[in-house]
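Novice: I'd like to ask you about the structure that follows.
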Amino acid sequence: MALKGNLRDFSTTQLLNLIALARKTGVLTIHGAEPARMSFREGKLIHATVGNQEGSLSQILQHAGKLTVEQSAAIQSRAADKSDKQLGHMLIQANYVTQGDIIQSVRQYVLDVVYKLFTWADGTFQFEANKLPPPERITIPIDLEGVIMEGSRRLKEWERLQEEIPDLDIALKFTDKPTARLRNINLTVEEWRVISFINPRNSIRQIAQGNNLNDFEVRRIVYGLIQAGIVEPVMVKKPKQVLPPTQTTRRGVPIETPDQSPEEKRSIVSRLITRIKGL
């Protein structure tokens, strides 16, 4: 009989503890903000997916920034009949990625999914024993003890970051003389990438998408940059709304408005010339 329940009564942390202690094999499905699936073999995490992502190798490598969106789409269409293991061998032979890239990307993808589930406070779950992910998927065994410790730590940090940065649709700008501050601080590669996207027109959410960062990661980086006095939040500068052509006329001649496009302006000039010729 499958184990069923609600996250309000039995949290993700408790579920993972139970699976680890009992050395369970099977699939845990959680229906929260979106459906998520975690697969286990003898108490070790081996695979995970969330939402409409199937966890295929091409998607994972795209998520890790090892493949572009175009490359991932082309691979999925051309190698649809290949297993992830076969596809991984082909990509290694073609020098797209290394074996280490694949292992690291799959592991990080699985961990990102599971850490996200620690923040879910509501939803239903079901554990189906002795069920495993499709055989074509690449699985990496991960000890749950470390996952539980890191997930619990991230949950506390997540709650604090949500209070500090509740809205990801705000933008960032550099404070006065940020260059002087950057000389006295050591930044990670991810932090430098975020800094390269700093612009009042880019929201924090857009910066995260441009750098393949999840909500937790981008909040943590942005919070650190704000605390260091390098950036400060501002409202996103939205593109100026293009107004429809005005209907106001003077003696039958349309009046040009400042918001008209160059094409509209040329059209008005043509009509003026035609009208003058007809006088």
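The values are calculated or read from the model by the stated rules, or taken from the named source; none is laboratory data. From a predicted model like this one, the values you see are computed outputs, not experimental measurements. Note: ideal-geometry Cβ built from the backbone for every residue, glycine included; neighbour counts use all protein chains shown.
Novice: Of LEU272, LEU182, LEU187, LEU225, which residue is touching a strand residue (DSSP E or B) at 6+ places or on another chain (Cβ under 9 Å) and either modelled with pLDDT under 85 or exposed (fewer than 10 other Cβ atoms within 10 Å of the Cβ) (or both)? Steps first, please.
Specialist: Numbers: LEU182 fails: touching a strand residue (DSSP E or B) at 6+ places or on another chain (Cβ under 9 Å); LEU187 fails: touching a strand residue (DSSP E or B) at 6+ places or on another chain (Cβ under 9 Å); LEU225 fails: either modelled with pLDDT under 85 or exposed (fewer than 10 other Cβ atoms within 10 Å of the Cβ) (or both).
Unique residue meeting the criteria: LEU272.
Novice: From the set of residues in the range 1-17 that are among the hydrophobic types (A, V, I, L, M, F, W, C) and surrounded by 15 or more Cβ atoms within 10 Å (Cβ to Cβ), which is modelled with the lowest pLDDT?
Specialist: So the residue we want is LEU3.
Novice: When the range 115-130 is examined, which residues are found to be of a type in the set (A, V, I, L, M) and farther than 16 Å from PHE10 by Cα?
Specialist: ALA129
Novice: Confirm whether ARG107 is of a type outside the set (Gly, Ala, Ser) and within 27 Å of LEU61 (Cα to Cα). If you could, list the steps in order and put the result at the bottom.
Specialist: On the way: of a type outside the set (Gly, Ala, Ser): yes; within 27 Å of LEU61 (Cα to Cα): yes.
Yes; evaluated as a whole, the condition is true for this residue.
Novice: Are any residues in the range 115-162 touching a strand residue (DSSP E or B) at 6+ places or on another chain (Cβ under 9 Å), in a loop (DSSP other than H, G, I, E, B) and acidic (Asp, Glu), and if so, which ones?
Specialist: Answer for the range 115-162, where residues must be touching a strand residue (DSSP E or B) at 6+ places or on another chain (Cβ under 9 Å), in a loop (DSSP other than H, G, I, E, B) and acidic (Asp, Glu): just ASP122.
Novice: Which is more than 28 Å from SER58 (Cβ to Cβ) and modelled with pLDDT of 90 or more, of GLN126, GLN206, GLN99?
Specialist: Numbers: GLN206 fails: more than 28 Å from SER58 (Cβ to Cβ); GLN99 fails: more than 28 Å from SER58 (Cβ to Cβ).
Answer to the check: GLN126.
Novice: Now, a different point. Working only within the range 91-147, note down all residues that are farther than 13 Å from PHE40 by Cβ and β-branched (Val, Ile, Thr).
Specialist: ILE92, VAL97, THR98, ILE102, ILE103, VAL106, VAL113, THR119, THR124, ILE138
Novice: Only residues that are at pLDDT 90 or above and of a type in the set (Val, Ile, Thr): list them for the range 102-123, please.
Specialist: The answer is ILE102, ILE103, VAL106, VAL110, VAL113, VAL114.
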